[in-house]
Structures are given as structure tokens and as C-alpha cells.
Amino acid sequence: MSIATSPNTQRTPLAERLDLIISPLFALTLSLIGVAVWFYSDLDKTTLSILDPEKLQSQLVETISLGLASSALVILIAVPIGILVTRKGFPRLKSFLVNTLGLGQSLPVYGLIVIFFSWLGAGAFTVLVALATYSLLPVLRNTIVGLEQVDRSVIDAARGMGLTARQILTKIELPLSVVVILAGIRTAVVINVGFAALAFLVGGGGLGVTINSGLVNNRDSAILIGAVMIAVLALAFDFLSALAQKYMKPKGL
Amino acid sequence: MSDVLIRLENIVKSYGPDLDPAVDNLDLEVQRGEVLVLVGPSGCGKSTTLRLINRLIEPTSGRIVIDGEDVTDVNPSELRRKIGYVIQQVGLFPHRTIAENIATVPNLLGWKKKDIATRVDELLELVSMDPDTYRDRYPKELSGGQAQRVGVARALAADPDVLLMDEPFGAIDPITRDRLQNEFLRLQSEVKKTIVFVTHDIDEAIKMGNRIAILREGSEIAQLDTPEAILAHPADEFVESFLGSGAILKGLTLKKVSDTELHQVPILTAPVMREEALKELQESPDQVGLLLDSNGRPLRWIDERALNRTSQPIEKSGRPVTVDLQPEDTLQDALTVMLQSSAGMACVTDRRGKYLGCTTIESLAKLIMSDGQG
């Protein structure tokens with residue numbers, strides 16, 4: 001029997017291992033702070049009515065659905081565009097897109113929400129569109145970069161063996177760029193879940209409502225608990241995305 | 001009529017009306033079962049020519065005929081599945097195992113799973129890699145030489161008649177390259193494919209090719225002939241300068257040790273008495289004898305002087321035989337070993353290391369002389 005002496009026994013790099021530890025750790029710490037606030041601060045009637053579990057639950061659901069819906073929208077738009085512009089014949093469109101979308105990201109989300117509000121009116125849909133616009137760039141850019149970093153010689157070999165353009169895309173290019181594309185999606189998801197808190201500005205609901213009520217009624221513990229919930233939520237989605245990255249990464253890379 | 005498998009007719013590849021064409025009106029015929037090497041300075045269009053055959057590059061005009069069929073306008077993907085393709089960077093799919101990589105074309109062709117598995121093992125054996133060890137590994141776990149073996153196995157997977165190789169050993173260190181070249185020649189003697197092989201290295205061309213096409217700019221054929229004929233009669237100054245100096249020395253790579261007459265030196269088989277050995281050596285015209293072990297493997301070169309130094313046992317006198325040759329090694333290898341050997345000759349052994357005879361400078365010179373006359 002031969003002993004498999006694989007040169008690939010080096011451990012996963014530190015950054016990659018920390019990736020799955022840091023956000024849960026951070027989230028745990030924040031949650032403890034939230035719990036401490038709940039137990040040790042003076043919760044008066046106003047505070048309790050702001051922090052009504054039923055309200056919180058529906059706000060949580062609103063925030064999550066807004067974050068996820070805008071992320072889904074971004075993926076459905078950005079990944080196909082990224083694939084399209086990396087095909088032969090679109091080099092100009094590609095650089096144009098990357099540059100103009102870069103401008104979009106230098107606008108604050110707040111501004112985007114206001115702009116879309118003046119166009120689409122109040123409601124969660126406005127926020128959805130604003131978030132999708134804002135988080136389009138990381139996904140699009142990573143899709144383009146991911147597809148372009150695939151070794152040209154691998155594609156040349158695939159063509160030379162008679163894979164069709166579609167087979168090269170689905171069997172070679174996408175699997176080999178999935179890690180980079182997912183990194184972009186992860187950024188987008190965290191942006192979207194986190195900034196979904198701003199939805200209350202245009203009547204889109206969400207956990208931002210709790211913070212806002214805390215501010216209006218001058219109740220610091222309500223503000224803190226609302227903030228902790230948003231932060232923990234964003235961290236949770238960061239962790240889930242990290243998991244997806246880890247498990248969708250093809251073996252052998 | 002000779003058996004032409006690939007024919008390029010009036011092929012032109014031009015990248016624009018203002019540019020000189022990369023391939024200018026090329027006619028080329030490749031015989032069935034031969035290794036045709038395209039060699040030339042960089043930028044001469046040799047790779048372009050190769051990639052025109054499987055239409056990775058589409059010709060501007062002209063016809064490509066393979067096995068009597070005009071393939072200039074057939075579906076290029078289907079065409080490529082029938083033609084093996086090996087490139088310098090190998091281009092293994094990093095996310096697929098070795099077995100999956102090799103199975104690429106059979107999978108595209110819809111072979112049965114069981115047939116594919118059998119074929120993969122067969123091919124790994126063919127390129128001297130243990131199937132059980134390597135089947136489930138990933139490309140990043142392979143050395144450069146191993147990766148290119150897999151590259152060759154992958155190209156041979158669906159048993160294509162034609163194999164296109166674009167500087168396949170160009171990125172591999174010289175020692176491994178030499179071994180892969182030898183293995184490739186052995187493999188080709190088994191599989192007898194029609195191979196078009198691109199290289200910029202004239203020595204590799206001479207070693208690998210049945211015929212060589214020396215190309216100059218625009219993929220124009222400066223000379224197309226057997227290596228021997230090109231070395232003996234270069235067509236023009238361009239070919240001469242491309243061959244460089246030492247054409248005779250280059251010719252040595254074309255001949256094998258088995259082409260020379262082996263010389264027999266006095267043989268001493270261990271254990272041996274000193275007196276016996278001395279007698280043996282004195283009776284022979286040779287200055288030096290060879291001590292073999294009980295299995296007939298050469299151990300040491302021994303001369304009279306060494307035997308007279310009685311302070312040492314015979315097994316430790318004389319000089320060790322460091323390298324030995326096998327009949328299929330080239331005369332260039334033989335020359336190197338001879339020049340390094342203290343005895344001025346080199347031992348030839350069979351695969352199991354058993355002594356067969358010696359090659360000498362004289363036998364080598366004799367072979368070169370007879371070649372020049374013939």
C-alpha cells in the first residue's frame with residue numbers, strides 16, 4: 001500500500017479559521033450587553049411598550065425580509081450582468097459599469113433612500129430598490145473579478161477538449177469563481193440587513209422603528225436594545241454567508 | 001498514395017487588413033501515425049498553426065481536411081472532442097479530481113460510468129501513475145511533471161486519432177523534461193497517434209519528431225523533412241542558423257545505444273581471487289575490467305594498478321561505476337556518461353541492471369562516420 005503524501009496538508013489559513021469565529025463571538029458579546037440592559041436598567045411603561053415582544057418580532061421579520069429580498073434582487077441582477085459583460089465583445093460596457101456603479105456607492109444609503117422616496121413614494125419597496133442599488137456593486141464587481149481570475153489556460157484546455165461556451169461557463173468558470181462571487185454577495189447581504197434599519201425613514205418599518213421611538217421618547221435602553229438586535233442580525237447573516245462560502249467552495253481549490 | 005490524415009490547404013490567418021498575416025497561405029500534410037514537429041522562432045506562427053487544426057483559431061481562408069473530411073465548417077466543439085489537445089500550462093481543472101479531469105471528453109461523449117472508470121485507470125497506468133494513489137487526488141497535489149502526465153492522459157482519454165501538443169514540456173525542469181520526452185516516445189510507440197507537436201527547442205524537435213517543419217515568420221515552411229535529412233542538408237541559411245552549431249552532436253540524440261556495437265571488456269565476478277583477476281586483465285587487450293556482483297550488475301572499474309594495491313579488498317579497489325546506460329538511451333546520453341567515466345567507456349545494462357556490454361568512443365565515432373558516408 002502506498003502512503004499518500006499529499007503536499008496539501010497545510011492547515012487552513014488563520015484568517016479563514018477566524019472568519020467563522022469572529023462574528024458569532026461579537027454577536028454573543030453584544031447579546032449579553034442587550035440582556036444586561038434588559039435586566040439591570042429601569043424599564044418603565046414607555047420603554048416596555050416600545051420593546052413589546054410582538055412589535056419587536058414583526059419588526060425583526062420586516063428587517064430580515066427586506067434585507068433578504070434586496071439581496072436576492074441584487075443577485076438576480078448583478079450575477080447575470082457580470083457574466084454577460086465578461087463574455088467576448090463587452091470590454092467597454094464592463095469598464096463603464098464598474099466605474100459608474102463605483103460612483104453610486106460613494107453616495108450614502110440615506111441619500112439613495114431619499115432619492116428613491118421622491119420617485120417611488122413611501123414604503124418598504126422604496127427601501128428595497130435603494131438597498132439593491134447600493135449593494136449592486138460589490139456583487140457585480142466580484143462576479144466580474146471572479147470570472148476574470150479563472151486561469152486562461154484552464155479555459156483554453158476546456159475549449160480545446162470540446163466543451164461548449166455554456167459548458168465552460170457552468171462547469172469551469174462559475175465553480176472556479178464561486179468563492180469570489182460569494183464574497184461579494186456576503187458584503188451585499190450584510191449591507192442590506194444592516195441598512196434595512198433605515199427603512200423606518202420612509203415608512204418601511206423594521207427594527208429602526210424601535211430605535212427611533214427610543215430617540216423620540218428619550219429611552220436609552222430601548223435605543224440600545226434595538227441597536228443590539230440590528231447588529232446581531234447583521235452579524236448572524238455575515239456568519240451564514242461565511243458558512244456558505246466555506247461549504248460551497250469546490251474541493252481541490 | 002501516402003496516407004495523409006491532416007491536410008491544411010492554402011490556410012491564411014489574418015488579424016486585420018493592415019497587419020501581416022500570422023499564417024500566410026500555408027499548405028501542410030501530416031501523415032497518419034507520425035510525429036510532425038513544428039519548430040521555429042517565437043512569433044513565427046507555429047502555435048497559431050496548431051490551433052487552426054482544431055479550430056481554436058478560425059482560418060481567414062483555406063481548408064482543413066482531417067481523415068478525408070473537410071472540417072473547416074463543422075461544429076468546432078464536436079470536432080475538438082475527436083482531437084487530443086495538450087498545452088504547456090496543462091490547464092487541468094483544479095476543482096476536479098485527476099480521474100474527473102481525465103474523464104472530461106468521455107463524459108462529453110456520454111460514455112457509460114463503468115467504461116469511463118476502466119479507461120481512467122488504464123490511462124493512468126499508461127502514463128506511469130498508480131491509479132489507486134492518484135485517481136482521487138486534486139491537481140494542486142501534483143508536481144509539474146505529474147500534472148503534464150495527467151494532461152497527456154486526459155488528451156488520450158477518448159482515444160483520438162490526432163493529438164495536438166503545444167510546447168507540452170516547455171514549462172518543466174530539464175531533468176523531468178528529458179524523462180517525460182523519453183516516456184512520451186515509448187508511449188507513442190504503443191499508441192501510434194498522429195501527432196502535431198509545437199516547440200521552439202530544436203533539440204526537442206530532433207528528438208521527438210519523425211518529421212520536422214522549420215517555420216519562419218508567417219508560418220512559412222523553411223524546410224520540412226526528417227531530422228536526419230535536415231541536420232545533414234539544411235535547406236538555407238535560416239535553417240542552418242536555427243539549427244545552430246554542432247549538428248553532428250544533435251544527431252546523437254537520434255541514435256540509440258542499441259545502434260552501436262557493444263564492446264566486451266574482461267569481466268570479474270565477485271567474489272574473485274586477486275591472482276585470477278590479474279591474469280584475466282593481463283590476457284585482455286583492454287586496460288580495464290569490470291567487476292560485477294553475483295547478480296551480474298556492474299560494480300567497479302578495475303585496472304592492474306588497482307589490483308596491485310593489495311592493501312584494499314578487490315571489492316573496494318578501482319573506481320565505482322556511477323551511471324549505467326540502457327539500450328534505449330540516446331548516444332548523446334552515452335557520450336555524456338563516457339566523458340564522465342574514468343574508464344572512457346560506459347556500461348550498458350538491461351532494465352534490471354544486468355551487464356550487457358560497453359559503449360566506447362570508438363564505436364560511437366564509427367557509427368557517425370558510417371552515417372556521413374551513407
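The values are calculated or read from the model by the stated rules, or taken from the named source; none is laboratory data. Values in this document were obtained by computation on a predicted structure and should not be read as measured data. Here the Cβ is made from the backbone with ideal geometry for all residues, glycine too, and neighbour counts use every protein chain on show.
Quick one: in the stretch B:112-147, of everything that is of a type in the set (S, T, N, Q) and outside any helix (DSSP H, G or I), which residue is farthest from the other protein chains (Cβ to nearest Cβ)? The qualifying residue farthest from the other protein chains (Cβ to nearest Cβ) is B:SER128. One residue is enough: does the stretch A:164-185 have a residue meeting the conditions under 23 Å from A:LEU112 (Cα atoms) and either surrounded by fewer than 21 Cβ atoms within 10 Å (Cβ to Cβ) or away from every other protein chain (no Cβ under 14 Å) (or both)? Scanning the stretch A:164-185, I find at least one residue that is under 23 Å from A:LEU112 (Cα atoms) and either surrounded by fewer than 21 Cβ atoms within 10 Å (Cβ to Cβ) or away from every other protein chain (no Cβ under 14 Å) (or both), so the answer is yes. Number of residues in the stretch B:182-230 that are touching a strand residue (DSSP E or B) at 6+ places or on another chain (Cβ under 6 Å) and of a type in the set (D, E, K, R) equals 3.
Just one residue in the set B:LYS13, B:LYS114 is of a type in the set (D, E, K, R), more than 29 Å from B:LEU180 (Cα to Cα) and buried (at least 22 other Cβ atoms within 10 Å of the Cβ); that residue is B:LYS13. Residues that are more than 8 Å from every other protein chain (Cβ to nearest Cβ) and within 26 Å of the chain's Cα centre (by Cα) within the stretch B:89-111 comprise B:ILE98, B:ALA99, B:ASN101, B:ILE102, B:ALA103, listed in sequence order.
Can you find a residue that is under 15 Å from A:PHE237 (Cα atoms) and part of a helix (DSSP H, G or I) anywhere in the stretch A:45-60?
yes
The listed residues are B:GLY84, B:GLY33, B:GLY43, and the only one of them that is farther than 17 Å from B:ILE214 by Cα, within 27 Å of the chain's Cα centre (by Cα) and in a loop (DSSP other than H, G, I, E, B) turns out to be B:GLY33. Of the listed requirements (1) buried (at least 18 other Cβ atoms within 10 Å of the Cβ); (2) over 18 Å from the mean Cα position of the chain (by Cα), A:LEU233 misses just one: (2).
Here the condition is being within 21 Å of B:LEU8 (Cα to Cα), away from chain A (no Cβ under 14 Å), in contact (Cβ under 8 Å) with a residue 12 or more places away in the chain and assigned to a helix (DSSP H, G or I); of B:ALA205, B:ALA213, it holds for B:ALA205 alone.
The set of residues from the stretch B:148-177 being among the small types (Gly, Ala, Ser) and either more than 15 Å from B:PRO106 (Cα to Cα) or away from chain A (no Cβ under 11 Å) (or both) comprises B:ALA153, B:GLY170, B:ALA171. Whenever a residue of the stretch A:228-253 is under 12 Å from A:VAL178 (Cβ atoms) and within 14 Å of chain B (Cβ to nearest Cβ), its partners that are surrounded by fewer than 21 Cβ atoms within 10 Å (Cβ to Cβ) and hydrophobic (A, V, I, L, M, F, W, C), lying with C-beta atoms within less than 6 angstrom and at least six residues away or across chains, give the pairs A:MET248/A:VAL178; A:LYS249/A:VAL179. Taking the stretch A:175-219 as the region of interest, how many residues are under 29 Å from A:GLY82 (Cβ atoms) and of a type in the set (Phe, Trp, Tyr)? Of the residues in that region, 1 qualify. Looking across the stretch B:52-68, just one residue is within 8 Å of chain A (Cβ to nearest Cβ) and surrounded by fewer than 23 Cβ atoms within 10 Å (Cβ to Cβ), and that is B:LEU56. In the set B:VAL120, B:VAL86, B:VAL35, B:VAL71, only one residue is without any contact (Cβ under 8 Å) to a residue 24 or more places away in the chain and crowded, with 20+ Cβ neighbours inside 10 Å; that residue is B:VAL71. Is it true that B:LEU163 is at pLDDT below 95 and buried (at least 19 other Cβ atoms within 10 Å of the Cβ)? No. Only one entry in A:ALA132, A:ALA78, A:ALA122 is under 26 Å from A:SER58 (Cβ atoms) and not in a loop (DSSP other than H, G, I, E, B), namely A:ALA132.
For the stretch A:110-124, the condition holds for at least one residue, the condition being that it is in contact (Cβ under 8 Å) with a residue 24 or more places away in the chain, surrounded by fewer than 16 Cβ atoms within 10 Å (Cβ to Cβ), aromatic (Phe, Trp, Tyr) and over 30 Å from B:TYR85 (Cα atoms).
Among the conditions (1) in contact with a Pro (Cβ under 7 Å, 6 or more places away or on another chain); (2) more than 30 Å from B:LEU50 (Cα to Cα), the only one that A:PRO175 does not satisfy is (2).
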